[in-house]
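Reviewing the structure listed below.
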Amino acid sequence: MSAESDAALIVSLFAIDPGGLGGVCLRSPVHPARDQWLQALRASLSEATPLRKVPASIPDGRLLGGLDLVATLKANRPIAARGVLAEAHGGVVIVTMAERLTAQTAARLNAVLDAGEVVTGREGVTIRNPASVGLVLLDEGEAEERAPIALLDRLAFLLDLGIFSMHALLTPEHETADLDAARQRLPDVQIPEAILRALCATAIALGAGSPRVTLLTARVARVAAALDGRLEVGEDDAVLAARLVLAPRATIAPRPPADAPPEPAQPPEPPAEPPTEPPPSEAAPPEPPPPLSANEPPADPQDQVELDDEDQPPQVDAQMLADVILAAAQAAIPAGLLARIRSDAAQRATARASSAGRTGALRKSGARGRPSGVSAGPPQGSARLNLIETLRAAAPWQRLRGRGGADQRVRVSPDDFRVTRYQQRAQTLTIFAVDASGSSALNRLAEAKGAVELLLADCYVRRDQVAVIAFRGKGADLLLPPTRSLVRAKRSLAGLPGGGGTPLAAAIDAAGALASLSLRRGETPTIIFLTDGRANVARDGAPGRERGQANALQAARILSAAGVATLFVDTSPRPSDLARELAAVMRAQYLPLPFANARALSTIVKAATVS
Amino acid sequence: MTMLARPVFPFSAIVAQDEMKLAMICSAVDPTIGGVLVFGDRGTGKSTAVRALAALLPPMHAVVGCRYGCDPAAREALCEECQTRAKSETLKDRLVPVPVVDMPLGVTEDRVVGALDLERALSQGVKAFEPGLLARANRGFLYIDEVNLLEDHLVDLLIDVAASGENVVEREGLSVRHPARFVLIGSGNPEEGELRPQLLDRFGLSVEVKTPTELQARVDVIKRRDEFERDKSAFVAKWKKQDDALRRKIVAGRKRLAEIELPDAVLEQAAKLCMQLGTDGLRAELTLIRAARALASYEQAAAVSVAHLRRVAPPALRHRLRRDPLDESGSTVRVERAIAEVLGAAEVQGA
C-alpha cells in the first residue's frame with residue numbers, strides 16, 4: 001500500500017462523511033501533490049456540497065456569524081449574518097495556513113465540530129445554525145510550527161504530503177456514484193464488538209491519542225465498510241482505519257520497526273491489526289505530537305527519546321540535591337527580574353520597529369484584548385463596529401436627516417461609524433537556553449533547573465509563554481516548544497539529561513532562530529542563557545575549544561544584531577571573563593550566579609537588577 | 001446528519017471518571033459548594049458530563065414572567081422587578097428546568113452581561129434592557145468549556161459576578177442590577193494554558209480527568225458513544241432508569257441536607273487537614289465541610305464521617321494549595337499525603 005494510494009483513499013473516505021470524520025490535516029508545503037489532493041476532493045464531493053476556504057486569521061464575526069449591519073439598518077431590526085461554518089453546513093471548510101491558527105480560533109472550531117452547530121451570541125444577536133462540517137487544514141508549518149493539537153484530536157486523518165515526489169499522480173480511487181452509494185449505506189453499517197475491542201487495544205498499545213481518536217477510528221472503519229459495499233465492519237476495514245488514523249499518532253514506537261508488526265497489549269480475537277507498515281513514520285513519528293494519553297508518556301516524542309538515552313537511573317540524593325538547590329536558588333532570583341529586562345527590550349523594540357517596520361512589542365489595537373475605548377472609523381479589518389456608539393453618534397442628527405412622522409427609521413451615515421479599540425498585551429516568550437554539558441556538573445545543572453523553574457514561576461504570574469532549549473554534546477535541541485503550560489515545562493526540565501561538550505554556538509543560533517520566529521509572530525521574546533560560557537564544540541559539532549569559542553562569539557555577534565532582550569546567567573563556580581565577554585558581545589545583561597553561598601548570591605543578584 | 005433537538009448523553013452512561021461525577025453530584029446536592037472545575041486530557045468526556053448533568057437536575061420553582069427566574073420562596077433574593085410586583089400582588093409560581101447555560105467561546109461581552117435591546121432600540125427608539133447569559137444562568141449552572149482560553153475581559157467580569165452573585169450593568173445609558181447566582185462549571189486542558197488564580201478560587205471543587213488506559217473502560221467508552229450516536233433517543237431511553245434513580249437520590253440528598261449531623265471531631269479533622277496543607281483562608285475549610293456534608297446526604301448517612309471527608313478532600317483542596325505554580329502537577333499527591341498524615345491510613349468506610 002503506497003502512501004499515494006492511501007492519500008487517494010483518504011479523499012474517498014473523507015468525502016463520504018466529512019462531518020462525521022472531522023477532517024484531514026494536510027501537512028505539506030505548497031506542492032503539486034497538495035493541489036491534486038484538493039482537486040480530487042472537490043471531484044469526490046457532490047455538486048451541491050458546499051466547500052469554503054478560509055484563512056487561519058479569520059475573525060470570529062466571519063467564522064461564526066454576527067450582526068449584518070447593512071441588512072439591519074435596512075430592515076430596522078437586528079439581522080444576523082451566517083458565518084462561514086454555517087454556510088458550509090454539510091460540506092467542507094478548508095483552512096489555509098493552519099499552523100497559524102490561534103488556540104482561540106481552534107477552540108471555536110472544536111466547539112462546532114463537537115456540536116455540529118454554531119451556537120453563540122454576538123453584537124446583540126443570538127446565533128444558532130446547524131454546521132456539520134469537515135475541516136481540511138492546510139498546514140505548511142516548519143519544524144515546530146503546527147496546527148493546534150486540540151483541533152487535530154478531532155480530525156480523523158493526519159496526512160503528510162511532504163514526502164511525495166513531485167510527480168506523484170493522485171487520482172480519485174472511486175467514482176462519485178460509488179461514494180453516493182456508500183453514503184446511503186453508512187447509517188446501517190454495524191461494527192462488531194470484537195472489532196471495537198481490537199481497535200481500542202491498538203490505540204492503547206500505540207499510545208495513539210484520546211478516546212476521541214479511537215472513536216474516529218471506528219467511524220473510519222465503518223465508512224470503509226460502506227465504501228466496500230458491506231453492512232458490517234470487517235477485519236480489513238479495521239486494519240485500514242488503524243493504519244490511517246492511529247498509526248500517524250503513535251507515541252509508543254512499534255519496536256521492531258521494520259516489518260514485524262507489534263503486538264498489542266492484549267491480543268484481541270481478530271488477529272492484531274496495528275499498522276502493517278508504520279507509514280511515513282519510522283525514525284521520527286510524523287508531525288502532530290501525540291496528545292498525552294496516559295499518566296506517564298511524555299508530551300513530546302523528543303522528550304521520550306531524550307529520556308531514553310541516559311536520564312534513566314535517577315538517583316535519590318540527586319533529587320534531594322535538586323530540591324535543596326532549588327530552595328537556594330529561590331532566594332537568588334528576584335521576582336521582577338524578567339519584567340525589568342523585558343521593559344528594556346520593549347524600548348529597544350519600539351525604537352527598532354519604527355524603522356524596520358516590524359511588529360512592535362505592543363499592539364495598540366487588535367481584535368481581542370481589553371476594550372480600550374471607542375473611536376470613529378469604518379469597521380474594516382479587525383476593527384469591530386460598536387453599534388451602540390454608532391447609533392448614539394447618529395441620534396442627534398435624526399431630525400435633520402428627516403426622521404419623523406410615519407418613518408421611524410434611524411438614519412445612519414458612514415460618518416457615524418464607531419469602532420471598538422482593543423488593547424492587547426503582546427504575548428511574551430521567554431526562551432531558556434540551558435547548558436546541560438559535562439562542564440556544568442550535575443549539581444550545577446540541578447541548580448540551573450531550579451533557577452529555570454523559579455524564572456518560570458515569574459513568567460507564570462504574567463502568563464507568558466516559555467520555551468526551553470537544551471544544549472549538550474554535539475548540538476542544541478528544542479526541549480520544549482513555546483507553551484504556556486507549566487506542567488509541560490516542568491516535565492521537560494525534569495527529563496533533561498546532562499553530560500557531554502558545550503556546543504554554545506549552536507545554542508545561541510537556536511535561541512536566536514526561535515526568538516526571530518517569535519518576533520515575526522508579533523511577540524516579545526527574551527532569551528535567558530544558563531551556562532558557564534565554556535564553549536568547546538564548534539557549530540558543526542566538531543570538538544575543540546578554540547573553534548568552539550570563536551563560533552560562539554560569532555553567533556553572539558549575530559544575536560546582538562537581532563535586538564532581543566537577553567540575560568546571561570553565568571553558572572560557573574567562579575565568574576569567568578569568558579562568559580562576561582560573551583555576554584558583552586551579545587549585549588546581554590550579565591548575571592554571575594556563583595555557588596554555595598545563597599546570601600552572597602542574592603546580594604549580587606539584587607545589585608545586578610537594581611543598577 | 002440531522003440537526004434536530006438533540007438528546008444528551010445520559011449521566012449514568014459515562015464510563016469511569018468517578019471523581020468528576022462525584023464532584024458534580026455534590027455541587028448539584030448543595031450548589032453553595034461553588035462549582036466544579038474539570039481539568040484534564042482531551043476527549044475524556046468533560047463537556048459530555050456537564051451537559052448530562054443538566055438533564056439530570058430536577059425542575060425548580062420560579063416566578064412566572066420573571067426574566068431572572070427568581071425563586072418565589074426566597075423573598076430577600078428577588079430581583080427589583082419582582083420586589084415591586086410582590087408589593088401589589090402575589091407572585092405566581094411555576095416549575096421550570098434548572099438552567100444550564102453554555103457560554104460559547106467567541107461570545108461578545110454584551111451578550112454575557114446583557115445590553116440595550118437592539119430590536120426595540122432600532123425599531124421603536126425605546127431604551128430597554130435585554131438580559132444576557134448571566135441573567136439566564138441565575139439559580140442554575142454556567143458552563144464554560146475551554147475556560148482557560150476565555151478572553152481576559154470576560155474572565156474579569158465572571159470573577160466579579162461569581163463572587164457577588166449580582167450582575168451590575170452600567171452601559172449604553174442603562175443602569176441595571178439583577179441577581180446572578182450560579183454554579184460555575186469550567187473545563188479545559190491544562191496543556192493549553194493555565195487558569196488565573198483568582199478564577200481558580202471561584203471553583204469549589206476541582207477534578208482531574210485522565211484518559212482511561214484500561215482496555216475494558218476504553219471499549220465501553222467507544223461502544224456507548226457509538227451506540228448513542230447511532231440512535232440517540234433509544235440510548236437515552238435505555239439509561240433512563242438509572243438516570244431517574246440518580247435524580248431521586250439527588251433530590252433526597254437536597255432535602256436531607258440540613259438534617260445531616262456534623263460532629264465536632266470531623267470539623268476538627270477538616271481544620272487540621274487545611275492547616276497541614278497551608279491552604280489560604282477559610283474558603284477551603286468551608287468548601288471541604290460543605291462537600292463532605294453533601295456527599296453524606298447524597299449517600300443517606302445520618303452524619304458526616306471522616307470517610308466522607310477523605311473522599312472529597314482532594315477535589316476540594318487540590319487547587320487551593322499555597323501558590324506554588326510549579327507544584328501544580330503534584331498537588332494531588334500533596335493532598336493525599338496530608339490526608340494520610342492527618343486522617344490516618346484508609347479505614348473501612350462506615351456510613
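The values are calculated or read from the model by the stated rules, or taken from the named source; none is laboratory data. The model shown is predicted, which means the values in this text are computed figures rather than measured ones. Using ideal geometry, Cβ is built from the backbone for each residue, glycine included, and neighbour counts are taken over all protein chains shown.
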Exercise. Do we have any residue at all in the stretch B:336-351 that's farther than 24 Å from residue B:264 by Cβ, more than 14 Å from chain A (Cβ to nearest Cβ) and at pLDDT below 85?
Worked result: yes
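What tally of residues in the stretch A:533-578 results from selecting those that are part of a helix (DSSP H, G or I) and either over 13 Å from residue A:512 (Cα atoms) or in contact (Cβ under 8 Å) with a residue 60 or more places away in the chain (or both)?
Residues meeting the conditions: 10.
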Problem set entry | Single residue of the stretch A:579-593 satisfying the filter (assigned to a loop (DSSP other than H, G, I, E, B) and touching a residue at least 40 places away in the same chain (Cβ under 8 Å)) that is surrounded by the most Cβ atoms within 10 Å (Cβ to Cβ) | A:586
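Matching residues to (1) under 30 Å from residue B:194 (Cα atoms); (2) among the acidic types (Asp, Glu):
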position: B:18; (1), (2): yes, yes
position: B:25; (1), (2): yes, no
position: B:29; (1), (2): yes, no
position: B:43; (1), (2): yes, no
position: B:47; (1), (2): yes, no
position: B:76; (1), (2): no, yes
position: B:83; (1), (2): no, no
position: B:90; (1), (2): no, no
For this session: Kindly check whether there is at least one residue in the stretch B:38-45 that is modelled with pLDDT of 90 or more and either more than 12 Å from chain A (Cβ to nearest Cβ) or farther than 15 Å from residue B:185 by Cβ (or both).
Result: yes
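For every residue, the table says whether it meets (1) in contact with a strand residue (DSSP E or B) (Cβ under 7 Å, 6 or more places away or on another chain); (2) facing another protein chain (nearest Cβ under 8 Å); (3) over 25 Å from residue A:107 (Cβ atoms).
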| site | (1), (2), (3) |
| --- | --- |
| B:104 | yes, yes, no |
| B:118 | no, yes, yes |
| B:143 | yes, no, no |
| B:162 | yes, no, no |
| B:191 | no, yes, no |
Seminar exercise, completed: Here the residues within the stretch A:463-485 that are within 24 Å of residue A:543 (Cα to Cα) and among the β-branched types (Val, Ile, Thr) are A:468, A:469
Seminar exercise, completed: Within the stretch B:121-141, the count of residues that are facing chain A (nearest Cβ under 10 Å), touching a strand residue (DSSP E or B) at 6+ places or on another chain (Cβ under 8 Å) and either closer than 19 Å to residue B:195 by Cβ or not small (Gly, Ala, Ser) (or both) comes to 2
Seminar exercise, completed: Here the qualifying pairs (Cβ atoms under 7 Å; residues six or more apart or on different chains; first in the stretch B:195-213 and farther than 15 Å from residue B:335 by Cβ and within 12 Å of chain A (Cβ to nearest Cβ); second among the β-branched types (Val, Ile, Thr) and part of a strand (DSSP E or B)) come out as B:209/B:38
Problem set entry | Residue in the stretch A:483-493 that is of a type outside the set (S, T, N, Q), buried (at least 22 other Cβ atoms within 10 Å of the Cβ), away from every other protein chain (no Cβ under 14 Å) and touching a strand residue (DSSP E or B) at 6+ places or on another chain (Cβ under 6 Å) present | no
Exercise. Which residue out of B:49, B:74, B:55, B:13 is away from every other protein chain (no Cβ under 11 Å), free of Cβ contacts under 8 Å to residues at least 40 places away in the same chain and within 22 Å of residue B:248 (Cβ to Cβ)?
Worked result: B:49
Exercise. Of the conditions (1) at pLDDT 90 or above; (2) part of a helix (DSSP H, G or I), residue A:177 fails just one. Which one is it?
Worked result: (1)
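Let's see how each residue does on (1) modelled with pLDDT under 85; (2) out of contact with any Pro (no Cβ under 9 Å at 6 or more places or on another chain):
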| residue | (1), (2) |
| --- | --- |
| A:41 | no, no |
| A:59 | yes, yes |
| A:73 | yes, yes |
| A:87 | no, no |
| A:102 | yes, no |
For this session: Search the stretch B:164-182 for residues being more than 14 Å from every other protein chain (Cβ to nearest Cβ) and touching a Leu at 6+ places or on another chain (Cβ under 7 Å), and hand back the single one that is farthest from residue B:50 (Cα to Cα).
Result: B:167
Exercise. So which residues in the stretch B:146-165 are within 17 Å of residue B:35 (Cβ to Cβ) and either at pLDDT below 80 or surrounded by fewer than 16 Cβ atoms within 10 Å (Cβ to Cβ) (or both)?
Worked result: B:160, B:163, B:164, B:165
